[in-house]
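Below is one structure, written out as structure tokens; the observations come after it.
Derivation of every value follows stated rules applied to the coordinates shown; laboratory data play no part. Being a predicted model, the structure only gives us computed values, none of them experimental. Note: ideal-geometry Cβ built from the backbone for every residue, glycine included; neighbour counts use all protein chains shown.
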Amino acid sequence: MLTFILRRILVMIPQLLLLSVIIFLLAKAMPGDALTGAFQGNPEANAEHMEELREKLGFNDPWYEQYGRWVTNFVQGDMGMSYVHKQKVTSLLGNRLSNTVLLSLTTMITIYLIAIPLGIIAGRWNNSWADKAIVTYNYFSIATPVFIFALIMLFIFGFYFSWFPTGRSVDITIQNGTWDYFVSKANHLVLPTLSGAIIGTAGTIQYLRNDIIDTKLKDFVKTARAKGVPEGRVYTRHILRNSLLPIAAFMGYEITLLISGSVFIESIFSYPGLGQLFIQSIQTRDFTVVSALVMISGAAVIIGTMLSDIILSIVDPRIRID
Amino acid sequence: MGNTVLEIENLRTSFSIKGKYYAAVDDVSLKIHENEVLAIVGESGCGKSALALSIIGLHDARVTKLEGQVNFKGQNLLNLSRARLNKIRGKDMGMIFQDPMTALNPLSTIGSQITEPMKYHLKLSQADMKKRTLELLRRVGIKNENRVYSQYPHELSGGMRQRVVIAVALACDPILLIADEPTTALDVTIQAQIMDLMKELQAQMKSGIVLITHDLGVVAEMADRVAVMYAGQIVELAGVNEMFKNPLHPYTRSLLSSIPSNMPDKGRLHVIQGIVPSLQNLDREGCRFAPRIPWIPQEDHEKDPVLHEVEPGHFVRCTCYKNFHLQTEESGVEKHVFTKS
């Protein structure tokens with residue numbers, strides 16, 4: 001297992017290097033640079049001064065020199081300066097990264113809390129009215145765009161009923177570390193989490209439902225019944241264990257998808273996370289931040305894939321990694 | 001002949017197809033005794049497996065209608081609740097499945113799959129269950145039982161897995177064993193090994209065995225009595241020697257002449273015309289085999305065919321056997337003879 005992880009990490013290095021070249025070139029290919037973004041609409045900015053600054057910051061060097069500088073700093077943990085926020089990218093990311101990871105985790109857990117029971121009900125009693133209701137919900141959730149649904153949630157529960165805050169990740173007047181701070185944080189998480197989770201369940205439900213319907217007819221389930229195993233145990237011990245495999249295997253991807261995919265939710269709930277920062281940075285051509293963010297989500301996908309492999313090798317005896 | 005273990009009376013198993021029920025097993029009555037192997041033979045689709053699954057209650061209750069009686073240990077199994085049925089199957093009744101590649105749960109160890117029925121039916125300690133399981137593995141001819149105990153199905157070969165499937169069926173010493181084509185999915189050398197094992201086990205046990213197969217070689221080797229099924233009905237029932245020496249029903253005779261033999265022969269292998277009709281297309285009036293022997297005149301068939309006892313213990317359905325000849329034969333000149341090996 002350890003050698004497997006080490007090997008995967010070694011393979012990650014060229015993958016990430018390649019990714020970094022592509023990201024860097026794409027970021028450079030964007031029209032304008034950090035200065036056009038930073039001085040957008042600033043009447044004081046004059047062209048001569050900006051050209052001077054460009055020379056000073058090295059924007060006029062050939063791309064490979066700029067890339068070399070960026071990469072060497074990056075591996076040392078220095079992701080550069082944000083030209084817009086005038087602070088280090090690392091300190092800019094710090095809080096937002098933990099916010100996004102927190103939101104992704106709660107969303108993922110909520111998705112599984114909704115999807116697994118519903119998938120089991122739909123699969124075990126397929127073609128019943130309950131199954132039909134669940135499948136209808138699936139169609140609804142797949143067809144609803146997340147930005148519309150999140151806006152509706154925001155309007156109903158945040159604005160109209162005022163049950164939950166409509167923005168930010170915590171009430172900034174409360175002291176960090178107290179119980180109230182924790183409650184406030186949780187309270188701020190409810191709407192973004194539910195908005196993402198309620199319409200994010202379709203894949204898991206459908207996968208689980210179909211796999212259960214499939215597994216129900218397998219011969220080893222007949223064997224179990226012929227042994228006199230009670231019906232409930234036939235499901236828990238034989239059918240579900242097999243049907244949950246693909247779900248478990250997908251978990252690694254799911255979390256990385258959520259981390260890189262909560263752009264809409266974070267923007268709508270003005271939740272200070274990576275997604276929101278990403279959008280802002282693209283708009284202001286803050287390319288050090290953009291590159292850092294894309295690198296992080298790229299690495300997250302690679303790590304997620306590895307996680308999926310490891311989870312699968314633990315739950316499925318047919319897959320052994322060494 | 002020992003005591004009756006299982007008595008099936010007028011069993012009718014019907015499946016719902018587009019809202020209508022069609023009988024796949026139609027009015028079958030059979031008795032299985034202690035220490036007896038009853039073979040049920042027939043082509044694919046004549047209701048052999050449907051019969052086996054009806055006995056042990058494995059049909060999907062939502063689309064299946066069961067009528068008649070399956071009397072086992074003084075109860076009609078068809079009237080039992082699932083919970084009560086679960087007390088019987090796995091304990092007094094074991095089932096061996098056709099395909100060992102799919103009959104075992106890929107995620108559980110061999111040990112835990114054999115132990116599982118003991119957990120529900122026998123009051124044994126953990127250590128005793130393990131001991132019993134290892135013993136069973138040895139009995140079904142697995143030599144390195146300690147290793148196999150903690151292995152997973154995918155680590156074993158097909159033949160080994162079928163031995164494990166047999167061990168599962170034997171876990172609680174059943175008095176009735178249902179073997180649904182236990183050798184069909186295996187290759188020929190392994191088939192022979194599994195047949196030998198089953199014969200050996202049968203000699204040790206006193207249980208009755210229902211052996212579903214379409215392999216007449218297996219029947220000749222294992223069975224005491226044979227029931228030939230066609231289109232959901234038993235068309236002939238006899239002791240194994242009688243069946244091979246004096247097959248009467250046109251279907252039985254056609255089946256026997258369809259076996260390729262290694263003797264120098266007079267020409268092409270016999271082929272039964274047509275196919276077994278599907279449930280919806282089956283004509284349930286008159287002799288069901290009549291459409292496949294169209295050269296036999298209608299008046300030879302009974303209007304409402306019943307089983308006739310032509311000799312003690314030898315039953316034949318319909319009267320069409322009396323003047324029957326295979327299409328390739330001259331009328332009634334030659335009768336195929338097949339002796340028990």
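Under 27 Å of direct C-alpha separation, and excluding same-chain neighbours fewer than eight residues apart, B:Lys322 reaches these lysines: B:Lys31, B:Lys48, B:Lys245, B:Lys266, B:Lys303, B:Lys335, B:Lys340. How would the range B:70-187 be classified by its alpha-carbon gyration tensor: rounded, prolate or oblate, with rounded meaning a/c under 1.5 and the a/b versus b/c comparison settling the rest? Oblate, since a/c reaches 1.5 and b/c is not below a/b.
Within the listed set A:Val301, A:Val101, A:Val11, the Gaussian network model of chain A (springs between alpha-carbon atoms below 10 Å) gives the highest mean-square fluctuation for A:Val11.
About its Cα centre, the dipole of the protein assembly as shown is roughly 1400 debye, where the only charges are +1 on Lys and Arg Cβ and -1 on Asp and Glu Cβ. The spacing between the range A:100-145 and the range B:79-133, judged by their C-alpha centroids, is 34 Å.
Residues considered: B:Thr189, B:Thr64, B:Thr213. Largest GNM mean-square fluctuation over chain B, using C-alpha springs under 10 Å, is found at B:Thr189. Residues A:Ile247, A:Ile199 in ascending order of nearby Cβ atoms (within 10 Å, fewest first): A:Ile247, A:Ile199. Projecting the Cα atoms of A:Leu2, A:Leu151, A:Val84 onto the charge dipole of the protein assembly as shown, computed from C-beta unit charges around the Cα centre, puts A:Leu2 farthest toward the positive end. For A:Ile314 and A:Ser128, the FRET efficiency from 1/(1 + (r/R0)^6), where r spans their Cβ atoms and R0 equals 45 Å, is about 0.85. Most fluctuating residue of B:Ala39, B:Ala23, B:Ala103 in a GNM of chain B with Cα springs under 10 Å: which is it? With Cα springs under 10 Å in chain B, the top fluctuation among B:Ala39, B:Ala23, B:Ala103 is at B:Ala103.
Stretching the chain fully between A:Val101 and A:Thr72 yields a gain of 7.8 nm (0.36 nm per residue, less the alpha carbon separation).
When a/c is below 1.5 the answer is rounded, else prolate if a/b is larger than b/c, else oblate, so apply that to the range B:1-104 with a ≥ b ≥ c taken from the square roots of the Cα gyration tensor eigenvalues.
rounded
Which of B:His308, B:His121 has the fewest other C-beta atoms within 10 Å, and how do the rest follow up to the most? Can you show the working numbers first?
Details: B:His308 14, B:His121 21.
Fewest-to-most Cβ neighbours within 10 Å comes out as B:His308, B:His121.
Between the C-alpha center of the range B:246-322 and that of the range A:228-283 there is a gap of 61 Å. Placing dummy labels 7 Å off each Cα toward the beta-carbon, the span from B:Glu200 to B:Lys131 is 2.3 nm. Rank A:Val135, A:Leu274, A:Ile255 by how far each Cα sits towards the positive end of the charge dipole of the range A:95-284 (+1 on Lys, Arg Cβ; -1 on Asp, Glu Cβ) and give me just the farthest. Going by the charge dipole, the pick is A:Val135. The ranking of A:Trp179, A:Trp70 by Cβ neighbour count inside 10 Å, starting from the fewest, reads A:Trp179, A:Trp70.
Cα centroid separation, the range A:156-193 to the range B:153-175: 59 Å. List the lysines whose Cα lies under 17 Å from the Cα of A:Lys185, skipping any in the same chain that are fewer than 8 positions away. Excluding near neighbours in sequence, the set is empty.
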